[in-house]
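S.K.: A single structure is presented below for examination.
Since every read-out is calculated from the coordinates, none of them should be taken as a lab result. As the structure is a computational prediction, the values presented were derived from the model and not from experiment. Cβ placement follows ideal geometry from the backbone for every residue including glycine, while neighbour counts extend to all protein chains displayed.
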Amino acid sequence: MKTGVIRNSGQKCWRGLVDFDLPEKHHQEAFEMWGKGKRFGFVKISDKKVYWYACVNEKSFESYREITDIFKDFDSLALKIIEATANDNIICNTISDLTSIPQWHSENLCLIGDAAHATTPNMGQGACQAIEDAYIIGKLLDNHQDFKTVFEKFQSIRRKKVDYIVNTSRSIGKVSQWEKGNSLRNFLMRLIPESIHQKMAKKIIELEM
């Protein structure tokens with residue numbers, strides 16, 4: 001079985017978890033701010049807990065001493081969330097994904113989730129697609145006892161969707177971290193019809209079986 005190659009996206013990402021009282025308008029939504037070569041996002045995950053992430057292009061990473069230095073020109077809410085987070089609750093790593101693997105299975109072994117199709121986190125689909133993998137394999141095992149048949153059908157069913165998510169997520173990450181042409185990018189983003197957003201959401205949400 002051939003393995004995929006880990007691809008560096010060229011971005012560093014801090015992730016944090018903090019007890020924080022968000023303004024009510026942010027209680028039911030995930031929110032992301034884009035700047036020049038950087039972005040900051042957050043979402044409320046329980047009554048008090050807020051998960052946040054902060055990304056910067058890798059080539060600029062070494063020039064900053066503190067996360068707050070990077071995002072000092074962002075909305076003050078971003079800085080407040082970062083400053084309220086204990087250092088022990090922050091991690092930092094490189095954003096990566098995996099090149100396409102020709103075959104996910106061999107004999108009675110089958111890769112699923114990140115082992116088969118690791119994606120960048122820009123669409124929030126990493127764990128989601130692993131769960132869908134497990135669901136599809138479970139449904140196939142209801143009707144077939146032969147692992148080879150199950151694994152071949154599984155890859156045939158799942159390949160198109162996960163390839164779309166890996167490639168689209170990588171593209172979103174690149175566009176969101178532009179260092180030049182941001183005004184043009186933002187203008188073009190506003191022109192995208194709602195129907196396109198709905199079509200993309202449907203493509204992600206719908207199960208293949």
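S.K.: Between the stretch 56-97 and the stretch 119-139, what is the separation of their alpha carbon centroids in Å?
M.R.: The stretch 56-97 and the stretch 119-139 have Cα centres spaced 27 Å from each other.
S.K.: Next question, about the same structure. To the nearest 0.05, how large is the calculated FRET efficiency for LEU17 and LYS199 if R₀ is 35 Å and r is the Cβ-Cβ distance?
M.R.: After rounding to 0.05, the efficiency reads 0.60.
S.K.: FRET efficiency for SER106 and LYS36, Cβ-Cβ distance as r, R0 = 45 Å, nearest 0.05?
M.R.: 0.50
S.K.: Dipole magnitude of the stretch 9-96 about its Cα centre, charges +1 at Lys/Arg Cβ and -1 at Asp/Glu Cβ only, in debye to the nearest 20?
M.R.: Working: 13 positive and 14 negative charges, 51 e Å.
Computed about the Cα centre, the dipole is about 240 debye.
S.K.: What size of dipole, in debye to the nearest 20, comes out for the chain about its Cα centre when the only charges are +1 on Lys and Arg C-beta atoms and -1 on Asp and Glu C-beta atoms?
M.R.: 740 debye
S.K.: In whole Å and largest first, what semi-axes does the C-alpha gyration tensor of the stretch 1-46 yield when each eigenvalue is scaled by 5 and square-rooted?
M.R.: Numbers: eigenvalues 182, 46, 20 Å².
Working from the Cα gyration tensor, I get semi-axes of 30, 15, 10 Å.
S.K.: Just name one of TRP14, ILE45, GLN28: the one whose Cα is farthest towards the positive end of the charge dipole of the stretch 9-96 (beta-carbon charges, Lys/Arg +1, Asp/Glu -1).
M.R.: Selected residue: TRP14.
S.K.: Based on the Cα coordinates of the stretch 100-205, what is the per residue volume of their convex hull in Å³?
M.R.: Working: hull volume 10.5 nm³, N = 106.
In the stretch 100-205, the Cα hull volume divided by residue count equals 99 Å³.
S.K.: Also: Consider a paramagnetic label point 7 Å from the Cα of HIS26 along Cα→Cβ; state which residues of the stretch 45-80 have an amide N under 15 Å from it.
M.R.: In the stretch 45-80, the label zone of HIS26 (backbone N under 15 Å from the point 7 Å along Cα→Cβ) covers 45-55, 68, 71-80.
S.K.: I've got another one for you. What is the Cα radius of gyration of the stretch 78-155 over 2.2 N^0.38 Å, N being its residue count?
M.R.: 1.54
S.K.: On to the next question. State, as an integer percentage, the relative contact order of the chain based on alpha-carbon contacts under 8 Å between residues 6 or more apart.
M.R.: 24 percent
S.K.: About its Cα centre, what dipole magnitude does the stretch 113-203 give when the only charges are +1 on Lys and Arg Cβ and -1 on Asp and Glu Cβ, stated in debye to the nearest 20?
M.R.: Here the size comes out at about 420 debye.
S.K.: Going toward the positive end of the dipole of the stretch 106-184, with +1 on Lys and Arg Cβ and -1 on Asp and Glu Cβ, which of GLY173, PHE151, PRO121 do you reach last?
M.R.: It is GLY173, whose Cα lies furthest towards the positive end.
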